[in-house]
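Okay, structure first, notes after.
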Amino acid sequence: MDAEGETVVIRSLNHPAALMLSLLALFAPLSAHVGSPDVFVDGQAGPYRILVTVRPPYAIPGVAEVEVMTRDGDVDDVQIVPLPLTGPGARFAPVPDRAQRSPDDSHLFFGRVWMMTAGAWQVRVAAGGSRGSGVLAVPVPALPQSTLAMSRGLRALLLVLMVTLGAGFIAIVSALVREARLEPGVRPDRRARRRGRIAAAVAAAIVAAVLLLGNRWWAVEAANYSRYVYKPLRGEATVTGGLLALTLRDPGWLATRTLDDLVADHGYVMHLFVLSPELDRFWHLHPRQTGGGRFEHHLPDLPPGGYDLFADVVHATGVPETVTSQLLTPAIHGVPLSGDDSEWTGDAAVRLKRELNGRLKPASTGDRTRIIWLRDDAPLVTKRLREFSFRVEDENGQPAADLELYMGMPGHAVFVRRDRQVFAHVHPSGSAPMAALAMAASTPVHEHREGGIPPTVSFPYGFPEPGDYRIFVQVRRRGMVETAAFDARVP
């Protein structure tokens with residue numbers, strides 16, 4: 001990438017070879033998009049184009065935060081309501097909440113909604129104004145990540161209240177038994193005081209029993225909730241003779257989650273991304289499903305070393321999951337890429353490949369395509385939705401007029417932090433998978449575009465945390481998948 005933010009695209013490379021190899025790797029899976037739980041959708045609510053951000057609750061039941069940015073200045077009212085993504089509950093909406101307009105930005109509305117159970121939800125956004133009204137449904141996976149931690153101050157306060165209430169109960173019982181039968185002004189005698197002490201001991205025993213039983217009840221409830229906390233899919237990867245086999249395993253979470261209900265998302269049941277340690281190599285592959293939770297794929301050429309794998313799948317319920325793995329392997333001489341599979345190779349990786357086996361052709365041949373990040377002067381900040389726009393130019397420096405849909409989309413983008421703790425696969429319609437959007441019966445503005453594809457493609461996304469990121473952008477031109485990489489630092 002040069003000083004002006006331009007990146008020359010390296011075309012997908014196909015290299016035939018064959019070599020036997022055995023490998024075992026253990027997945028270290030995480031929920032939905034790894035480290036990027038917020039959901040972003042760019043869609044159409046009737047005549048109004050809106051960008052919606054939903055921040056799911058950390059614990060379930062919990063409150064989700066919703067932000068709605070309107071593209072049009074004539075939106076007067078925005079209402080939001082949470083519903084199950086599918087089933088009878090999706091057809092009977094409760095009374096919606098009215099989102100509040102931001103005092104600083106008339107185009108921004110915000111609100112909060114409750115999500116009561118784990119699973120696939122939707123936030124239905126209704127926008128109204130001078131041109132009528134419309135609705136956009138945003139699918140949201142509600143996955144309880146952990147129990148909410150109690151602050152030290154709150155714990156100390158509750159401990160003081162517990163001691164005060166216990167001591168007060170003991171004192172009240174003791175005084176009641178000791179003095180209830182006495183006439184006003186008469187001091188308790190020795191016998192009365194003895195009754196009071198016995199009553200205090202009994203009350204103390206009751207308090208201790210209540211505390212012990214309460215603690216046991218709390219421990220049981222905590223254990224039950226710990227089983228309710230989301231447990232991501234596990235997986236095993238093996239490679240034999242260049243054939244990658246992925247097996248997903250359920251460690252036990254909700255009984256409703258299965259491995260034989262995976263559905264296609266823009267054409268494929270699994271999207272597998274393979275990244276090199278320096279992020280100078282990138283593969284976007286599509287393994288074939290061979291059974292419940294089992295996938296296979298003939299790998300292309302892989303230089304020796306370690307790789308990070310990110311596998312995106314979507315359940316029939318609409319819940320997406322991303323499974324991750326580390327792969328350490330000697331060189332793999334595989335098969336040429338085909339179909340929608342693609343590879344990007346940075347300059348450093350090209351030099352390394354040439355040094356390893358001088359037989360490889362240059363990384364770029366024939367016509368060159370340039371993808372330019374149309375970045376403004378606004379600083380990159382966390383927890384804020386923005387559009388990342390990229391212009392595709394042809395070999396003459398003109399806006400490309402021959403772009404094609406890539407798996408039904410004008411483009412794909414992958415946002416990955418260099419420490420691999422954040423990963424998100426985003427489309428022009430947002431971060432929600434197309435399969436879930438279809439279940440929610442929404443109509444994203446970018447879906448199945450008629451006519452030519454504009455030379456500028458945009459992706460709505462917000463960085464969840466600070467750090468150094470790399471953004472991979474993919475489009476299709478003249479039947480070839482073009483990939484570019486951009487670096488971003490988020491303070």
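Per q in 0.15, 0.18 1/Å, what log10 I(q)/I(0) does a Debye calculation on the alpha-carbon atoms of the range 242-350 return? Debye intensities relative to I(0), on a log10 scale: -0.66, -0.91.
Taken over the C-alpha atoms, the range 372-491 has Rg and Dmax values of 14.6, 42 angstrom. Annotation: amide H of residue 102 within the under-5 Å range of 108, 109, 110, sequence separation 5 or more or interchain, hydrogens built in the peptide plane. Shape index of the chain: Rg/Rh, with Rg the Cα radius of gyration and Rh the Kirkwood radius from the inverse mean 1/r over Cα pairs, equals 1.13. Largest first, the residues 470, 370 sort by 1.4 Å accessible area into 370, 470. Here the contact order of the range 190-326, divided by its residue count and restricted to Cα pairs under 8 Å and six or more residues apart, works out to 20 percent.
Quick check: from the Cα gyration tensor, does the range 43-87 come out rounded (a/c under 1.5), prolate or oblate? Prolate, since a/c reaches 1.5 and a/b exceeds b/c. With only the Cα atoms considered, the range 232-300 has a convex hull volume of 114 Å³ per residue.
Exposure check, 1.4 Å probe, all protein chains in place: residue 240 carries approximately 80 Å² of accessible surface. The tail of the calculated P(r) for the range 165-305 beyond 19 Å holds 72 percent of all Cα-Cα pairs. Across the accessible surface of the chain, with the other protein chains kept in place and a 1.4 Å probe, carbon and sulfur atoms take up 57 percent. About the centre of its Cα atoms, the chain shows a dipole size close to 3100 debye [charges on the beta carbon of Lys, Arg (+1) and Asp, Glu (-1) only; nearest 20 debye]. Applying a DSSP loop filter and a limit of 13 other Cβ atoms within 10 Å to the chymotrypsin sites (Phe, Trp or Tyr not before Pro) in the range 72-179 leaves 92. Please state, as a whole number in µm²/s, the translational diffusion coefficient that the Stokes-Einstein equation yields for the range 123-219 at 20 °C and 1.002 mPa s, with Rh defined as the Kirkwood radius across alpha carbon pairs. Stokes-Einstein gives a translational diffusion coefficient of 114 µm²/s. Cα extents for the range 53-200 along the principal axes, largest to smallest and rounded to whole angstrom: 86, 32, 32.
The value for the range 261-308 of Rg(Cα) / (2.2 N^0.38 Å) is 1.30. Considering only 205, 251, 412, the residue lying farthest towards the positive end of the dipole of the chain is 205, judged by Cα position with unit charges set on Cβ.
Under a 5 Å amide H cut-off, with hydrogens placed 1.01 Å from N, residue 411 pairs with 406 among residues at least 5 apart or on other chains. Accessible surface computed residue by residue for the chain, with neighbouring protein chains in place and a 1.4 Å probe, gives 47 Å² per residue.
For the range 91-152, just say rounded, prolate or oblate: build the C-alpha gyration tensor, square-root its eigenvalues into a ≥ b ≥ c, call rounded for a/c under 1.5, and beyond that prolate if a/b exceeds b/c, oblate if not. Judged from the Cα gyration tensor, the range 91-152 comes out oblate (a/c at least 1.5, b/c at or above a/b). With contributions of -39500 (n - 2.57) from each DSSP H run of at least four residues, the per-residue ellipticity at 222 nm computed over the chain stands at -6000 deg cm²/dmol.
The values are calculated or read from the model by the stated rules, or taken from the named source; none is laboratory data. What you see is a predicted model, and the numbers here were worked out from it, not measured in a lab. Because the Cβ atoms are built from the backbone with ideal geometry, glycine has one as well, and the counts that use them run over all protein chains shown. Only protein heavy atoms, including side chains, enter the accessible area calculation; ligands, DNA and RNA are left aside. Shrake-Rupley method; radii C 1.70, N 1.55, O 1.52, S 1.80 Å.
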